[in-house]
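Chemist: Pasting a structure here, questions to come.
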Amino acid sequence: MTIKTLRHYHQVGLLEPAVVDPGTGYRRYSTVQIPVAQVISRLRELDMPLGEIRGVLSAPDLQARNERIAAHLSRLEEELGRTQSAVASLRDLLTPPRPGDVPARIELRSMPAVHAAAITDVVAAEESAAWLQGALGELHATLTAQDVPAAGPAGGIFADEVFTRHHGRVTIFVPCAGPVRPMGRVTSGPIPGVELAIIEHSGPPSDVDRAYGALAAYVARHALTVDSPIREYYLVGQRDTPDSALWRTEIGWPIFRLHPEPSPGTQAT
């Protein structure tokens, strides 16, 4: 033990010196204290806190001593389990998914910022489908009236409360190639860029839960999520065909991207 360590153990009452010179302050230890010092040193090597070591040394009998050592062992085992879980999670994040681990239609994509016409409101989940179609109709009608072409598929931005509380802020937008004058509920502004894990859902909105579930499972294991709203992109919808079986929606989960290239069966842009 170093002099600094011995001084600290004296200060906390763990290893009292046999004699302290009143003139110089030097500490002297007797040979009978060597076993105690060795026990302290060994328990510190085993990551036992000083307070617990004091409890072991002051235990009234062998059973109490072993119970206190066993309690420390249990805590180490719990910490080891958490560490092993963290290591496994980090390994999953850094290792590209193997073929078969990921649904073929999931991809990673960096979406650039765009200028868009948008409608934002707080919407109840049970009204969201009808509200969405009404908002899309109003947006496209506004762009047509102002002779501004759309510059990409329409999209939606959904606050977390929409899914957790079934009532939250929703923005429906249409990227546009030129400026749009505010009209009615329609405003104009930037839609921020974002990195997404994306899955495509084919069919009516009533069947979208499976796609959300598959995407959530992938993100939980293979990606770092960020605190940003879920996105949807409406590639084919009611404006294109009345047959909802032909509708195609991309669902985007915001992530902090780690893999430049996905594994076989996925795509990246």
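Chemist: Per DSSP H run of at least 4 residues, take -39500 (n - 2.57); add these up for the chain, divide by its residues and hand me the 222 nm value, nearest 500 deg cm²/dmol. Please report the intermediate quantities before stating the final value.
Modeler: Working: 7 runs with 99 residues, N = 269.
My calculation for the chain gives -12000 deg cm²/dmol from helical runs alone.
Chemist: Run the numbers for GLN146 and GLN63: contour at 0.36 nm per residue of separation, minus the present Cα-Cα distance, in nm. Before the final figure, lay out each step's value.
Modeler: Working: separation 83, 0.36 × 83 = 29.88 nm, distance 8.56 nm.
Stretched out fully, the GLN146 to GLN63 stretch lengthens by 21.3 nm.
Chemist: Pull up all non-local amide H partners of VAL194: gap of 5 or more, or a different chain, and H-to-H distance under 5 Å with H placed in the peptide plane.
Modeler: Here MET111 satisfy the definition.
Chemist: For the Cα atoms of the chain, what angle does the longest principal axis make with the long axis of helix 209-222, in degrees from 0 to 90, nearest 10?
Modeler: Helix 209-222 and the main axis of the chain meet at about 40 degrees.
Chemist: Suppose the chain between GLU126 and ALA217 were pulled fully straight at 0.36 nm per residue; how much longer would it get relative to their current alpha carbon spacing?
Modeler: Numbers: separation 91, 0.36 × 91 = 32.76 nm, distance 2.45 nm.
Gain on extension, GLU126 to ALA217, equals 30.3 nm.
Chemist: Once amide H atoms are built 1.01 Å from N in the peptide plane, which residues 5 or more positions from GLY203, or in another chain, come under 5 Å H to H?
Modeler: Amide H to amide H, under 5 Å and 5 or more residues apart or across chains, GLY203 pairs with TRP247, ARG248, THR249.
Chemist: Next question. Ordered by residue, what ³J(HN,Hα) values in Hz, to whole numbers, does region 137-152 give under the Karplus form 6.51 cos²θ - 1.76 cosθ + 1.60, where θ = phi - 60° and Gly and Pro are x?
Modeler: x, 5, 5, 5, 5, 5, 4, 5, 4, 9, 6, 10, x, 6, 10, x
Chemist: Residue-wise, which Karplus ³J(HN,Hα) couplings in Hz belong to region 37-49, taking 6.51 cos²θ - 1.76 cosθ + 1.60, θ = phi - 60°, and x for glycine or proline?
Modeler: Values per residue, Gly and Pro as x: 4, 5, 5, 4, 4, 5, 5, 5, 4, 8, 6, 7, x Hz.
Chemist: Right, here's the next one. Starting from the 7 Å offset along Cα-to-Cβ, what nm value, one decimal, do you get for the label separation of MET183 and ILE34?
Modeler: A separation of 9.6 nm, rounded to one decimal place.
Every number in this text was worked out from the coordinates using simple rules, so none of it is lab data. Because the structure is a prediction, the values reported are computed rather than measured. Glycine gets a Cβ as well: all are built from the backbone with ideal geometry, and neighbour counts include every protein chain shown.
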